[in-house]
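One structure below.
Nothing in this text is a laboratory measurement; each read-out follows from the coordinates by a stated rule. Keep in mind that what you see is a predicted model, and the values were worked out from it rather than measured. All Cβ positions, glycine included, derive from the backbone under ideal geometry; neighbour counts span all protein chains shown.
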């Protein structure tokens, strides 16, 4: 570590020069919090994340409050942050959600699909085919309105009910989403079971299916400690969009053992060490996660946050 | 994850078929425990680790009890486990330590060197050159007695006082240790600051210096969450010996922020997923770490241990 508290930069061959970190803490993180986080605190969190240099900060979700009461204040929150000069995607589950997002001036929306029938049933109460049919007009309308469309694909690698997911099955869902106009995929290892070879296999299969690497984002969970190793494999395959959650907040409330989003700070530490540009100020980001941990009343699970904040004491 | 609780196997190109996990929990882990662990518990821990299929289980240390009181029972412990059919290395700091190890019939000894002057001074109260001069007769005598000699090199990547460590400086210490007869190096990222490119640079430099890859082990700490990604890079460079600590026990008492050995279970999860043979039974290993955590009265920091033991509840 250098005197400024950052890792020494030693680039490696075959990696991208720049990575876009897609920050999910304010949505994916906070939707998993049991208590209610005040809207003002959420807005401050989004502001601080943008201030730390994150280029895309997913702000909230327009899912019905019955399903995600933690984000029931989306209408109040979004206008409080929409002036920020960063991409502020919002999750929309269906056409009604898209209408709410459009009414507030959102410029990027994210759909939330599943690679498996079991999770589609549990999370969307539909078959995979039915859910894709539901997304199609949403994506078409969003594109017609000039919005950028991201498509999460959950359970790409494994599913708590079905076990391992066949690579072609995941690829088919990805292709369907791109076919309906999605600009970007986020390949989700929702229960954190993926390992390095599986990640390589999915990325290779997507490439062979004609999917542009620039349209692929990865979303790894640290349930079994694999998130950063899997991310490195994705970078080695040319991926330049990586989802992460400040301080390691979050998981998925509908999937067993789906704890532990990749912590943005652990990712930034690796990328800075590799000399890969992110635009993120690690000190400001860590301070943000320490502040948010204080709001939530429990320490951050990010190892980098713990190491850096301990050193500051 | 498959029905037997293991990750699905998807091999990746360019990785070794087999990895030897060098288990350090009973020595590196327990020497950092504040309380006293009864000798019988330590012996049972070593037995269970061997029973889980780990091929090399570092059993204890013959450092003077004044410096490491936690392992003051080395003379009592070693005979309680020396019948186990696995490699049982012991740490020896100097010739006196070697004599104690030889008297008990140890077959592998480990020296503990430093790549930096500051840590050599703090840990060994010597310069790097003086410490190497001290190790030389120890290594020679051990080799003459037919022992296998491992040499830890601490602070290979960074040092809490000096910051980043120049690659040639680390390589010089490695070459000196091999030159005096060490069979195997363990490249230590003692404060956990290494990132993927730095690991690649050190391994490339060692190869260029003529060091056989088979003589290189890696020892990463998870202080900043980088241990498993760094391990993957080492495997991609042909390394087949990886140090890890069951349940993530341990660190280094003399180095600031040196918490968090790579957890053996997190490593095994990755290797099993990659189809790399280790001989380790992940279920038995996890049960061992859960049992040891109960003895120590606190949960394991290993993400895999937490995920698997939670699922078993």
- Percent antiparallel among DSSP beta bridges confined to the protein assembly as shown, rounded to 5, stands at 10 percent
- Given a Förster radius of 25 Å and the C-beta distance between residue A:208 and residue A:183 as r, what FRET efficiency does 1/(1 + (r/R0)^6) yield to the nearest 0.05? 0.75
- How much length is gained on full extension from residue A:107 to residue A:161, taking 0.36 nm per residue of separation minus their Cα-Cα distance? 15.9 nm
- Computed lengthening from residue B:36 to residue B:4, 0.36 nm per intervening residue step minus Cα-Cα distance: 7.9 nm
- Item | Relative contact order [Cα under 8 Å, 6+ residues apart], the stretch B:1-67, whole percent | 39 percent
- Between the label point of residue A:83 and that of the same position in each other copy, find the distances and list them shortest first in nm, with every label point placed 7 Å from Cα along the Cα-to-C-beta direction. 7.7
- Message: If the elastic network links every pair of Cα atoms under 10 Å, which of B:226, B:295, B:272 fluctuates the most in the Gaussian network model of chain B?
- Response: B:295
- Item | Alpha carbon Rg of the stretch B:20-312, scaled by the compact-globule rule 2.2 N^0.38 Å | 0.91
- Note on the structure: Taking r as the C-beta separation of residue A:291 and residue A:175 and R0 as 60 Å, the FRET efficiency to the nearest 0.05 is 0.90
- Note on the structure: So, with points 7 Å from each Cα along the Cβ direction, the residue B:130-residue B:145 label distance in nm works out to 2.5 nm
- Inter-chain shielding of B:61-72 (mean C-beta neighbours from other protein chains, 10 Å cut-off): 0
- Query: So what is the 222 nm mean residue ellipticity for chain A from helices alone, if each DSSP H run of at least 4 adds -39500 (n - 2.57) and you divide by all residues, rounding to the nearest 500 deg cm²/dmol?
  - Reply: -11500 deg cm²/dmol
- Note on the structure: Within the stretch A:71-180, the percent of DSSP beta bridges that are antiparallel, given to the nearest 5, stands at 20 percent
- Message: How compact is the protein assembly as shown by the rule of thumb for globular proteins, expressed as Cα Rg over 2.2 N^0.38 Å?
- Response: 0.98
- the stretch A:33-114, relative contact order in percent, only Cα pairs under 8 angstrom and at least six apart counted: 30 percent
- Item | Footprinting exposure proxy for B:82, A:245, B:61 (fewest neighbouring C-beta atoms within 10 Å first) | B:82, B:61, A:245
- Rg(Cα)/(2.2 N^0.38 Å) for the stretch B:1-109, N = residue count: 1.25
- May I ask for the Rg/Rh ratio of the stretch A:49-100, computed from Cα atoms with Rh as the Kirkwood radius, given to two decimals? 0.99
- Message: How much of the DSSP bridge set in the stretch A:20-312 is antiparallel, in percent, rounded to the nearest 5?
- Response: 10 percent
- Note on the structure: Across A:230-239, the residue-averaged tally of Cβ atoms belonging to other chains within 10 Å stands at 3
- Item | For the stretch A:1-69 and the stretch A:131-146, distance of Cα centres in Å | 26 Å
- Query: Relative contact order for the stretch B:20-312: what is it in percent, counting Cα pairs under 8 Å that are at least 6 residues apart?
  - Reply: 18 percent
